[in-house]
Amino acid sequence: MPCTMKAMKVLHVLPALVLFSLCQAHTDFFTSIGHMSDLLHTEKDLVTSLKEYIKAEEMKLAQIKKWAEKFDAVSEIAIKDPEGFLGHPVNAFKLMKRLNTEWLEVENLVLKDMSDGFISNLTIQRQYFPNDDDQKGAAKALLRLQDTYNLDTEKMSMGNLPGVIQKATLTAEDCFDLGKVSYTEADYYHTELWMEQALNQLNAGEESSIDKVLVLDYLSYSVYQQGDLDKALMLTKKLLELDPEHQRGNGNLRYFEYIMAKQANESIASNSGAVEPTARKGRPKDHLPERQKYEMLCRGEGIKMTPRRQKRLFCRYFDGNRNPIFILSPTKQEDEWDRPRIVRFHDIISDEEIAKVKELAKPRLKRATISNPITGVLETAHYRISKSAWLSGYEDPVVDRINARIQELTGLDVSTAEELQVANYGMGGQYEPHFDFARASNALRSCKQHSHLCALT
């Protein structure tokens with residue numbers, strides 16, 4: 001029935017203009033064979049139009065099938081090990097991109113002639129899709145990982161990342177998108193890296209909807225912004241070889257040549273005999289003074305313990321300082337560091353308890369916040385990339401047992417502590433070095449945000 005109704009709708013729409021013109025010219029068709037023969041020509045035109053419509057729909061369907069096969073192939077792999085799959089930051093970035101942009105392309109492709117059920121389902125689901133900010137955030141996370149772990153751009157694009165099982169590659173279009181995100185942030189260092197990688201993949205013969213001219217346009221400007229006039233001029237000339245009429249390219253070419261000639265004249269006037277190259281900016285100026293040490297620690301390149309200090313670290317069974325609960329069943333304790341003393345307790349929470357905590361926390365996860373040092377208001381920050389949830393002991397016996405166990409192990413009183421916090425970090429997730437304290441007024445605001453019942457004394 002739906003197919004029949006759709007066909008009827010098509011026939012009603014397609015001949016509308018033709019029949020309108022015929023009605024204006026003639027009436028009482030049955031009274032004239034000649035006029036009726038005109039209708040045969042009209043019908044022939046309609047059949048031709050209908051065939052063209054069918055051909056266009058078949059072409060659309062073929063494209064839709066390609067999308068479906070592409071998404072199905074990725075989904076089949078991902079669903080077998082979701083956490084492992086998303087553990088690869090490229091997979092996480094491409095998931096954001098697929099749901100934010102590529103599924104929109106599919107929707108636009110089939111919108112006019114799709115089933116009402118699919119449209120309704122897609123419309124309902126779209127409210128849960130990532131948006132532009134998610135895609136941008138995922139791109140910036142990839143760049144953050146690249147910097148933190150000193151990752152090579154080409155190796156990242158080929159999916160060769162350390163510590164990951166799944167392998168996912170970046171297309172030239174993906175590289176272009178990463179470069180464009182950097183460009184909007186005036187981060188010309190990363191713009192150059194990723195636009196250059198996109199260009200290399202296009203030059204290697206990769207099929208893409210991205211135009212080399214557009215890539216060269218971004219690339220030449222980002223190189224110029226970093227002070228490399230020679231390279232900017234060379235890239236602009238390549239751009240004009242592909243598109244001699246490119247307005248901005250021609251303007252930039254004249255400007256670069258003017259600047260270089262001016263520098264050469266100034267060099268001769270100062271008797272130096274050569275133009276000193278402008279220093280490259282490298283990575284953008286960072287807000288965090290401890291950035292270098294912070295990233296070294298992430299790479300495992302921080303302070304190394306001497307063999308003498310290492311010998312003082314042990315693993316042991318710990319009875320909680322003669323706590324009756326742990327005398328018969330002591331816990332495993334491992335020394336991680338000596339000054340300051342850091343210890344790790346092993347196998348404190350069972351798999352079942354972990355599963356329960358995750359079950360309680362997942363629906364309540366919200367973007368982690370920081371307390372504004374001036375206003376004290378809780379707000380999100382670019383240097384804290386995670387979501388968190390707060391669980392109270394009275395909500396579930398499992399949470400209450402974990403709190404009691406922490407108290408018994410440490411000898412501390414959890415009644416004056418914050419609620420149990422569950423943190424979930426996303427791709428490139430981080431919390432940069434910060435002061436983990438607050439004034440009384442700020443602590444009260446934070447407390448009200450995190451607890452149902454709260455008092456500050």
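All of the numbers you see were taken from the coordinates with simple rules; none came from a lab. Computed from a prediction, not measured in an experiment: that's the story for all the values here. Quick reminder, even Gly has a Cβ in these numbers, built from the backbone with ideal geometry, and neighbours come from all protein chains shown.
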remark   = Taking a crude spin-label model, label points 7 Å out from Cα along the C-beta direction, the TRP337 to ARG308 distance in nm is 2.0
key: Test item: Cα-centred dipole of the stretch 336-432, Lys/Arg +1 and Asp/Glu -1 on Cβ, debye   = 400
note = Taking a crude spin-label model, label points 7 Å out from Cα along the C-beta direction, the GLU290 to THR48 distance in nm is 7.6
task = Please work out how much length the chain gains when fully extended from TRP67 to ASP396, using 0.36 nm per residue of separation minus the C-alpha to C-alpha distance, in nm with one decimal.
result = 114.0 nm
task = Quickly rank 55-63, 223-231 as a protection proxy: mean count of other C-beta atoms within 10 Å, highest first.
result = 223-231, 55-63
inquiry  = Sort 359-367, 424-432 by the packing proxy (mean of other Cβ within 10 Å over each peptide's residues), most packed first.
reply    = 424-432, 359-367
message = What whole-number distance in Å separates the alpha-carbon centres of the stretch 296-338 and the stretch 67-87?
response = 40
inquiry  = From the convex hull of the Cα coordinates of the stretch 237-377, what is the mean projected area in square nanometres?
reply    = 22.3
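Magnitude of the Cβ-charge dipole of the stretch 161-303, K/R +1 and D/E -1, about the Cα centre, nearest 20 debye? Provide the component values of the computation, followed by the final result.
On the way: 16 positive and 23 negative charges, 84 e Å.
Value, rounded to 20: 400 debye.
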query = So which chymotrypsin sites (Phe, Trp or Tyr not before Pro) in the stretch 123-178 end up in coil per DSSP with only 10 or fewer other C-beta atoms within 10 Å?
reply = TYR128
query = Among residues other than ARG309 whose Cβ falls under 9 Å from its Cβ, what is the net charge (Lys/Arg +1, Asp/Glu -1)?
reply = +3
key: Stretch gain in nm, segment ASP351-ASP436, where the contour uses 0.36 nm per residue and the Cα spacing is subtracted   = 27.6 nm
